1. If I ignore ligands, DNA and RNA and count only protein heavy atoms, how much of TYR16 is accessible to a 1.4 Å probe, in Å² to the nearest 10?
2. Going by amide H atoms built from the backbone, whose H comes under 5 Å of the H on ARG149, apart from near neighbours?
3. May I ask you to compute the full-extension gain from THR64 to LEU28, defined as 0.36 nm times their residue separation minus their alpha-carbon distance, rounded to one decimal in nm?
4. Per residue of the stretch 54-65, in order, report the coupling 6.51 cos²θ - 1.76 cosθ + 1.60 (Karplus, θ = phi - 60°) as ³J(HN,Hα) in whole Hz, putting x for Gly and Pro.
5. Could I have the simple spin-label model distance between GLU87 and ASP137, label points 7 Å from Cα toward Cβ, reported in nm to one decimal?
6. Short version: ³J(HN,Hα) in whole Hz for each residue of the stretch 123-134, in order, from phi by Karplus 6.51 cos²θ - 1.76 cosθ + 1.60 (θ = phi - 60°), x for Gly and Pro, what are they?
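The values are calculated or read from the model by the stated rules, or taken from the named source; none is laboratory data. Quantities reported herein were computed from a predicted structural model and do not represent experimental measurements. Glycine gets a Cβ as well: all are built from the backbone with ideal geometry, and neighbour counts include every protein chain shown. Accessible surface areas use protein heavy atoms only, side chains included; no ligands, DNA or RNA. Shrake-Rupley method; radii C 1.70, N 1.55, O 1.52, S 1.80 Å.
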Amino acid sequence: MRSEEDLIPISLLSQYYYCKRRAGLMLLERQWQDNIHTAEGTVLHERVHSGKSESRGSFHILRTLTVRSFEVGLVGVIDCLEIVQSENGYALPWLEGRWAMHPVEYKHGVRRNELEYEVQMAAQAMCLEEMYNCKIDKGYVYYGDDRRRIEVTIDDYYRDLVVEGAKSLNEILENQVTPIARRSAKCRECSLNDVCFPKILNKKTSLYIDKIWNQACGVE
């Protein structure tokens, strides 16, 4: 059974699906640098987290709710949790009746499909399910620049990605080996580009480091 100290931040799950090396640099080496994108994201989250919880009859909004899952091994904070009264919902300890819950993850920029954000939101839902013995079928990713959001169905596809990503992050932590750099278009926008050094790797070097990485993880 995992303890609180064993849990990995849900935010690193999002980083993992953006770039495994970025997640490793943050998890093992505590690397972080701001750029315009991360700074804008921080401002948006501060604005959301400074908001108050709301209650309007059969609709409630909770902000900055801490959630965790010992089964998956994750812990984090939900930007916003919408709670709607529903005949097909579940009992909650602080409300009478039956309720459906939908996590909302806030991101800067305009509305778009970003797998890592959707996985992050799905992980929040899975934490809520464990904590409140319920089932959550959907959530939302809200984009601050155009004030629009996308609805995400939390199906087996996303649930498998959450489990696989959390397992990989635990392996990175256990092996203490940061994944190698792999150059992509994302590198240009990454705030950790200067400490990652993706340009120094050529194909031959990458294959060699892949071999070392697999040996460290016990993969033949």
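1. 30 Å²
2. For ARG149, whose amide H was placed from the backbone, the distant partners under 5 Å are TYR143.
3. In short, 10.4 nm is gained.
4. Using θ = phi - 60°, the values come out as 10, 9, 9, x, 8, 9, 10, 10, 10, 10, 6, 8 Hz.
5. Result for the modelled spin labels: 1.3 nm.
6. Residue by residue, the stretch 123-134 yields 5, 4, 5, 5, 5, 4, 4, 5, 5, 10, 6, 9 Hz.
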